[in-house]
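Asks: Would you mind keeping the following structure in view while I ask a few things?
The values are calculated or read from the model by the stated rules, or taken from the named source; none is laboratory data. Please read all numbers here as calculations on a predicted model, not as lab measurements. Every residue, glycine as well, gets a Cβ built from its backbone with ideal geometry; the counts of neighbours run over all protein chains shown. Surface accessibility is based on the protein's heavy atoms, side chains included, excluding ligands, DNA and RNA. Shrake-Rupley method; radii C 1.70, N 1.55, O 1.52, S 1.80 Å.
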Amino acid sequence: MYNSYTYIPYAEVRTINAISDKIIELLLYTRKASETERGAFGLKERLLFCLRRRPLPPRELMEMLGMVKSNLALLARKCIGEGLIEKSRRSSDNRALVYELTDKGNEYIDGLLNQIESKLHTVLTTDKDRQAAEENLDAAIELLSYIP
């Protein structure tokens, strides 16, 4: 961690600035790529995407989404009302709550992903393009996963 008295070489600062700029650019283009006929990939879609692989407890979702408990509860209640997720008790610990996707929630997120994938097909026309994109995105995800 740097403090205000630490000397940072200009080349390092320039590189960090370039990386920061590229992260912002990635966010902007990600938003553009994820615009679908159903709208933007917002909080509801982020919640559903987090639950796509497995049920999660509220604490993990709060951390993943950067939300406080009350905001997550409001979002979850809205998604439950729309029939996209459900709240249940963990089988191993009856006191612990988890949220999980319903069939309707799976269909909703699959529809969004299909729309995004069709956009990507127009840009990534060869196997080489698709493989390079996947490798670059994997590298970007790995880099971003280190940021606390």
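Asks: So, in nm, how far is label D110 from label M62 when the simple model puts each one 7 Å beyond its Cα toward the Cβ?
Replies: Taking the two extended label points, one gets 3.3 nm.
Asks: A further question on this structure: Compute the relative contact order of the range 48-148 as a whole-number percentage, counting only Cα pairs closer than 8 Å that sit 6 or more residues apart in sequence.
Replies: About 25 percent, as a whole number.
Asks: Expected output is a single nm value to one decimal: the length gained when fully extending between E82 and R46, i.e. 0.36 nm times separation in residues minus the C-alpha distance. What is it?
Replies: Between E82 and R46, full extension yields 11.4 nm more.
Asks: Does anyone have the angle between helix 103-123 and the longest principal axis of the chain? Alpha-carbon axes, 0 to 90°, nearest 10?
Replies: 30 degrees
Asks: Extending each Cα 7 Å along its Cβ direction at L144 and R90, get the distance between those two points in nm, one decimal.
Replies: So the two model labels end up 2.7 nm from each other.
Asks: Summing -39500 (n - 2.57) over the DSSP H runs of n ≥ 4 in the chain and dividing by its residue number, what mean residue ellipticity at 222 nm do you reach, to the nearest 500 deg cm²/dmol?
Replies: Theoretical 222 nm ellipticity from helices: -20500 deg cm²/dmol.
Asks: A further question follows. What percentage of the solvent-accessible surface of the chain, computed with a 1.4 Å probe over protein heavy atoms, is contributed by carbon and sulfur atoms?
Replies: That share works out to 55 percent.
Asks: Another question, if that's okay. Please calculate how many Å² of accessible area the range 57-137 carries per residue, with a 1.4 Å probe and no DNA, RNA or ligand atoms counted.
Replies: Using a 1.4 Å probe on heavy atoms only, each residue of the range 57-137 averages 69 Å².
Asks: Could you tell me the distance between the Cα centroids of the range 41-96 and the range 102-148, to the nearest Å?
Replies: 22 Å
Asks: May I pose another question? The list [x] 9.9; [y] 8.4; [z] 12.6 gives values of mean projected area of the Cα convex hull in nm², and only one came from this structure; which label was calculated from it?
Replies: Identified label for the calculated read-out: [z].
Asks: Calculate the FRET efficiency for R14 and E117 from the Cβ-Cβ distance with a Förster distance of 22 Å, rounded to the nearest 0.05.
Replies: Plugging the Cβ-Cβ distance into 1/(1 + (r/R0)^6) gives 0.05.
Asks: In nm, to one decimal, how far is the modelled label at D21 from the one at E134, with both set 7 Å along Cα→Cβ?
Replies: The answer from the label model is 3.1 nm.
Asks: Roughly how compact is the range 54-100, stated as its Cα Rg over 2.2 N^0.38 Å to two decimals?
Replies: Against the compact-globule rule of thumb, the ratio is 1.10.
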